[in-house]
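K.L.:
The structure under discussion is supplied below as structure tokens; questions concerning it will follow.
Quick note: the coordinates plus some simple rules give every number you see, no bench work behind them. Everything quoted here is computed from the prediction, not taken from an experiment. Cβ sites come from the backbone with ideal geometry, for glycine too, and all protein chains shown count toward neighbours.
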Amino acid sequence: MKQINKKEPDFYAKYLKKESPTEWKTLSQAIGSNVREHILDIEQNNQCAYTEIALDHNSRNSHIDHFKKRALFPEETFNWNNLLVSCNRENYGAKYKDKHIHKQDYNNILNPTIDNPSSFFHYSFTGNIGEKTIDKINGERVANTISLFGLNNKSLVERRATIAEQVKIYSNQLSLPEIKEVIGEFDSFVENIYSTLHDDNISVN
């Protein structure tokens, strides 16, 4: 999961002011593609907000997610800060979250538009995500976030483990920005693995 800096674009604000939509499908049909592409390009570096797998503009592999579900928080439907782009997988990401989350759960999970998940997550070379040594309350928030978004799904863990090996290979050859560009996904994981390698002076030869 990556931290996301949100800033409502002019075209979105102008649409809301002019059209005053009352249903999400009305906005989605009118400017949904523009919203999704803007979020991907400008705010999320073309990666899923939750899993950080690479996404393109193909509507079949991603969708606009309401971090706070519309069914539970209808007042947040058009709030730009509540709009993120997620992959379309059923076993992790937004769709997995929406199948399992309850309203009260939002009080006890991380919000990537507010929190920096890298401050709470421990990233392992095995590809697993765990919790850093932190207080009990935040430890529960981390555990709940990992569970409700399926972040330790087997396929995600395996992909991250493969990327950890790539980072080891590239670490003494390329800068961190270059490595992130080459790999093109899992930015937070790459940053943390790279930092661990250099902080601990781990041999990557």
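K.L.:
I need the phi-derived Karplus couplings for region 16-30: 6.51 cos²θ - 1.76 cosθ + 1.60, θ = phi - 60°, integer Hz, Gly and Pro marked x.
P.N.:
Those phi angles translate into 4, 5, 6, 9, 6, x, 10, 10, 4, 4, 5, 5, 4, 5, 7 Hz.
K.L.:
³J(HN,Hα) across region 172-183 via Karplus (A = 6.51, B = -1.76, C = 1.60, θ = phi - 60°), whole Hz, x for Gly/Pro?
P.N.:
8, 10, 10, 6, 4, x, 5, 5, 4, 5, 5, 6
K.L.:
Hand me the GluC sites (Glu not before Pro) from region 73-105 located in a DSSP loop with no more than 15 other Cβ atoms within 10 Å, in residue order please. Could you put the intermediate results ahead of the total?
P.N.:
Details: sites: Glu75, Glu76, Glu90; in loops: Glu90.
Of the GluC sites (Glu not before Pro), the ones in loops of region 73-105 whose Cβ has at most 15 other Cβ atoms within 10 Å are Glu90.
K.L.:
If you place +1 on the Cβ of every Lys and Arg and -1 on the Cβ of every Asp and Glu, how big does the dipole about the Cα centre of region 10-199 come out, in debye to the nearest 20? Please list the in-between numbers first.
P.N.:
Values: 22 positive and 26 negative charges, 129 e Å.
Dipole about the Cα centre, nearest 20: 620 debye.
K.L.:
Apply the Karplus parameterisation 6.51 cos²θ - 1.76 cosθ + 1.60, with θ equal to phi minus 60°, to every residue of region 123-130 and state each ³J(HN,Hα) to the nearest whole Hz, in sequence, with x for glycine and proline.
P.N.:
The phi angles translate into 9, 9, 5, 7, x, 7, 10, x Hz.
K.L.:
Residues with amide H under 5 Å of Glu131's amide H, sequence separation 5 or more or different chain, H placed in the peptide plane at 1.01 Å from N; which?
P.N.:
His122
K.L.:
Once the piece of chain linking Ile42 and Asn81 is laid out straight, how much longer is it, given 0.36 nm per residue of separation minus the C-alpha distance between them?
P.N.:
Numbers: separation 39, 0.36 × 39 = 14.04 nm, distance 1.37 nm.
Full extension of this stretch gives 12.7 nm more.
K.L.:
Between Asp56 and Asp105, what FRET efficiency follows from the Cβ-Cβ distance if R0 is 35 Å, with the result rounded to 0.05?
P.N.:
It comes to 0.70.
K.L.:
Restricting the calculation to Cα positions, tell me the Rg (one decimal) and the Dmax (whole number) of region 83-179 in Å.
P.N.:
Looking at region 83-179, its Cα Rg and Dmax stand at 14.8, 47 Å.
K.L.:
Looking at the square roots a ≥ b ≥ c of the eigenvalues of the Cα gyration tensor of the chain, which shape do they give, rounded for a/c under 1.5, prolate if a/b is larger than b/c, or oblate?
P.N.:
Details: a/c = 2.24, a/b = 1.58, b/c = 1.42.
Prolate, since a/c reaches 1.5 and a/b exceeds b/c.
K.L.:
Can you give the calculated 222 nm mean residue ellipticity of the chain, where each DSSP H run of n ≥ 4 adds -39,500 (n - 2.57) and the sum is split over every residue, rounded to the nearest 500 deg cm²/dmol?
P.N.:
-12500 deg cm²/dmol
K.L.:
A further question on this structure: What residues qualify as long-range amide H neighbours of Asn79, i.e. H under 5 Å apart, gap of 5 or more or another chain, H built at 1.01 Å from N?
P.N.:
Result for Asn79 returns nothing.
K.L.:
How high is the relative contact order of region 48-205, in percent, with contacts defined as C-alpha pairs under 8 Å that are six or more residues apart? Don't skip to the answer; put the middle values down first.
P.N.:
Details: 201 pairs, mean separation 34.1, N = 158.
Relative contact order of region 48-205: 22 percent.
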